[in-house]
Structures are given as structure tokens and as C-alpha cells.
Amino acid sequence: DGRDQASTGYDVYGARIRGDGILSDQDMFAISRAAGDQRLPAAAYSGTTNQYLVAWDDSRSSQSDIYGQRLYGLGFPAGAEFGISAAEESHEAPDVAFNTVDHEYLVVWAGARNSTAPGTTAIWAQRYDRDGLPLGQNWTVADQGHSLIGPVVTYNPVDNGYLIVWKDTLEDALE
């Protein structure tokens, strides 16, 4: 949302929509208005805690990082914004899914950190418990020596597992 672009850059806003497509609230609400640009948000909902986890690209520092914010079911912040991946290299395009069996979130993104070839991106992931606390360290899902971008994650409760998909740029590099 660019309404505060002159002062803080692009920001992340949200709105709650009822099942029939009608706005639940009169106004949209700010999720992150930090300095720099916040863009490409993704969200998942936990029925266990009646909370959302929102993740986005964030350029409040010199490169693009991934930040998150938990929201109560009515859209109010549940705690402070937090860094999901803030290493030296750039990170972008997060997505989030909620695991209804283990009651945890999985955040995925494309990131240049430790990629096998300079200037390329790999797919990364980090698990969070239902209260937004990290479970272990983040890890590389896929690194092919060329850029992998735009990851999307979904959860399958039948198999209690995730499916992560992304665009592989190898064909682009060969053309």
C-alpha cells in the first residue's frame, strides 16, 4: 500500500472479509509501517489460536529481509514484528501455511544466502509454533546453482505434510 510512500515507503495493510465477500470492518488496518518498503505479503490462519501469521519482504535495512507479524483474529497485533530471515544477502517473496495437525506455521521464501552460485537464489524455510516462536533454524529447501524464485507453500492434513512449489529459472538462463 503506497499511501505513506513519501514518509515510510510502501507498507503492508490488511482487511478482514466475511465468507460472503463483505468487509468485516469499516477500515483497512496497518500491519507494518516501518521505514523502507514492505511488500509482497502472505498470510496463514491458525484456528487453534485464532491468529494469523503475516510475512513480507522488508527493506528497512540495506537489503530485502523477511519479516513477520502475528495478528489476533480481529486483526490486532499479537506481539511485535519480528525478523524471519535477516542475513546479509537479499530475501524475497515469502509465503506461509498453517499445519492443522502439529499446530505450526511454515514460512518459505527465496534467498541468496549460501546459494551454491553467486548471484542466484535458493528456496528457504522456517517453522514457527502456534505462538510465533521459531522451531529450530531455517534451512535450504532447494538450491540448484541458478535462481529459484516465487515459492508457494500449502499444507496437506491427510499426509501431515507440505507442498512447496517455485519457479526454476534454468530455462530462462538457457534461452
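The values are calculated or read from the model by the stated rules, or taken from the named source; none is laboratory data. Everything quoted here is computed from the prediction, not taken from an experiment. Positions of Cβ are generated from backbone atoms using ideal geometry, with glycine treated the same way; all protein chains shown enter the neighbour counts. With ligands, DNA and RNA removed, areas are computed over all heavy atoms of the protein, side chains included. Shrake-Rupley method; radii C 1.70, N 1.55, O 1.52, S 1.80 Å.
Bin width 10 Å, origin at 0, all Cα-Cα pairs of the chain: what percent of pairs per bin?
Each 10 Å bin holds this share of Cα pairs: 10, 36, 35, 16, 3.
Just the number please: accessible area per residue for the chain, 1.4 Å probe, all protein chains included, in Å². Provide the component values of the computation, followed by the final result.
Details: 9020 Å² over 175 residues.
Value returned for the chain: 52 Å² of accessible area per residue.
How would you order 43-53, 15-25 from highest to lowest mean count of nearby Cβ atoms within 10 Å? Each step should come with its number before you reach the end.
Details: 43-53: 17.9, 15-25: 9.5.
Most protected by this proxy first, the peptides run 43-53, 15-25.
Place +1 on the Cβ of every Lys and Arg and -1 on the Cβ of every Asp and Glu in the stretch 27-175, take the dipole about the Cα centre, and give the residue among Pro41, Val108, Phe76 whose Cα lies farthest towards its positive end.
Phe76
In deg cm²/dmol, rounded to 500, what helix-only [θ] at 222 nm does the chain give when every DSSP H run of at least 4 residues adds -39500 (n - 2.57) and the total is split over its residues?
Details: 2 runs with 9 residues, N = 175.
Helices in the chain give a 222 nm mean residue ellipticity of -1000 deg cm²/dmol.
List every residue whose amide H lies under 5 Å from the amide H of Ser64, counting only residues 5 or more places away in sequence or on a different chain, with H placed 1.01 Å from N in the peptide plane.
His91
Taking amide H atoms as placed 1.01 Å from N in the peptide plane, list the residues 5 or more away in sequence, or in a different chain, whose amide H sits under 5 Å from that of Ala142.
Amide H neighbours of Ala142: Ile123.
Can you tell which of Trp56, Met28, Pro94 lies farthest toward the positive end of the dipole of the stretch 1-110, using +1 and -1 charges on the Cβ of basic and acidic side chains (Lys, Arg; Asp, Glu)?
Going by the charge dipole, the pick is Met28.
Find the relative contact order for the stretch 20-69 and round it to a whole percent, using C-alpha pairs within less than 8 Å whose residues are 6+ positions apart.
Details: 61 pairs, mean separation 14.6, N = 50.
Relative contact order for the stretch 20-69 comes out at 29 percent.
Order of 126-135, 156-165 by packing, highest average Cβ count within 10 Å first? List each step's numbers first, then the result.
Numbers: 126-135: 15.9, 156-165: 11.3.
In decreasing order of mean packing, 126-135, 156-165 become 126-135, 156-165.
May I ask you to list the GluC sites (Glu not before Pro) in the stretch 47-105 that are in a DSSP loop and have at most 11 other Cβ atoms within 10 Å of their Cβ? Mind showing how you got there, number by number?
Working: sites: Glu81, Glu88, Glu89, Glu92, Glu104; in loops: Glu81, Glu88, Glu89.
Hits after loop and neighbour filter: Glu88.
Please label the shape of the stretch 14-94 as rounded, prolate or oblate, based on the square roots a ≥ b ≥ c of the eigenvalues of the alpha-carbon gyration tensor (a/c under 1.5 means rounded; beyond that, a/b larger than b/c means prolate, else oblate). Please list the in-between numbers first.
On the way: a/c = 2.33, a/b = 1.92, b/c = 1.21.
It comes out prolate by the Cα gyration axes.
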